[in-house]
1. Among the candidates R166, R133, which residue alone is basic (K, R), farther than 19 Å from V76 by Cβ and more than 16 Å from the ligand (Cβ to nearest atom)?
2. Is it the case that the range 93-101 has a residue that's modelled with pLDDT of 95 or more and of a type in the set (A, V, I, L, M, F, W, C)?
3. Give the residues of the range 158-174 that are over 15 Å from the mean Cα position of the chain (by Cα) and closer than 25 Å to L34 by Cα, sorted by residue number.
4. Of everything in the range 175-216 that's within 18 Å of the chain's Cα centre (by Cα) and of a type in the set (A, V, I, L, M), which residue is nearest to the ligand (Cβ to nearest atom)?
5. Within the range 4-37, take every residue that is small (G, A, S) and open to solvent by less than 60 Å² (accessible area, probe 1.4 Å) and give me the one that is modelled with the lowest pLDDT.
6. Anything in the range 138-167 that is within 24 Å of K200 (Cβ to Cβ) and out of contact with any Gly (no Cβ under 8 Å at 6 or more places or on another chain)? List them, or say none.
7. Looking at the range 95-112, which of the residues that are among the hydrophobic types (A, V, I, L, M, F, W, C) and without any contact (Cβ under 8 Å) to a residue 24 or more places away in the chain is least open to solvent (accessible area, probe 1.4 Å)?
8. Give, as residue ranges, the strands (runs of 3 or more DSSP E) completely inside the range 129-216 that count at least 1 residues that are touching a residue at least 24 places away in the same chain (Cβ under 8 Å), in contact with a Leu (Cβ under 9 Å, 6 or more places away or on another chain) and open to solvent by 60 Å² or more (accessible area, probe 1.4 Å).
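The values are calculated or read from the model by the stated rules, or taken from the named source; none is laboratory data. Keep in mind it's a predicted model, so treat the numbers as computed, not measured. Glycine gets a Cβ as well: all are built from the backbone with ideal geometry, and neighbour counts include every protein chain shown. Heads up: the accessible areas ignore ligands, DNA and RNA and are worked out on the full protein's heavy atoms, side chains in. Shrake-Rupley method; radii C 1.70, N 1.55, O 1.52, S 1.80 Å.
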Amino acid sequence: MPLDVCQLPLVGGHPALDLVNTLERGGTSPHDFLSDSSALLRWSELVGVISDAEVDQVGRVWRDETAAAHAGLAAVRDIREGVYLVLLAAITDADGDTAGDPIAAGAALVALHQRWSGAAARAKFVLDSSRVRLAYGTVPAMLVPDRIAEAALDVMLTADLTRVRRCPVLEGGCGWLFLDQSRSGSRRWCRMADCGNAVKARRLTERRRAARASHS
Ligand SMILES: [Zn+2]
């Protein structure tokens, strides 16, 4: 049985990358951990894009208006796909080749801009003690997708996209995206404790097997 979305390790280094990792893309049957609006609500609280009080508020609205809940989930999945396509196009290998598709990434940027425009239209200026800030999520039915749109904008505008990595699938990794925040910039695995060590253990077994075969 697949894990609950709230059991997924948060390895992305940013909520927008953790969002991308809620869809298992490899293999023949992709698995979406954001299976319904209640999973989305619990995950949004876990990664800190909404508060406890907001969970209750959105939960009430989404229970009363199923269509709004579905629209919220669809919007988040849409943003997730857009962020994935953009970040994938930013990842290059040693030869400067990208695993992504620049055309798909360009279309994704247009779609993300539309999502963000909607979120910005629903946002409002709030005067804090020392500054005015833009508060996203003033409409409860759209609060979650609006905060996710804010997170997507944040990663695209502020993160160093040359530090986006993908846990190497061809070498036995899981394919999750993460921001490499190591000083050397040479982090390869999403989690050394899982993917990195599993691959090393597998290689060791293969080497031993090959050594046994060559002796016999
Ligand atoms: Zn991994």
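1. It is R133.
2. Among the residues of the range 93-101, not one is modelled with pLDDT of 95 or more and of a type in the set (A, V, I, L, M, F, W, C), which makes the answer no.
3. Those that are over 15 Å from the mean Cα position of the chain (by Cα) and closer than 25 Å to L34 by Cα: P168, V169, G172, G173.
4. Applying the filter and picking the extreme gives L177.
5. G26
6. Hits for the range 138-167 are V164, R165.
7. That would be A105.
8. Hits in the range 129-216: 164-166.
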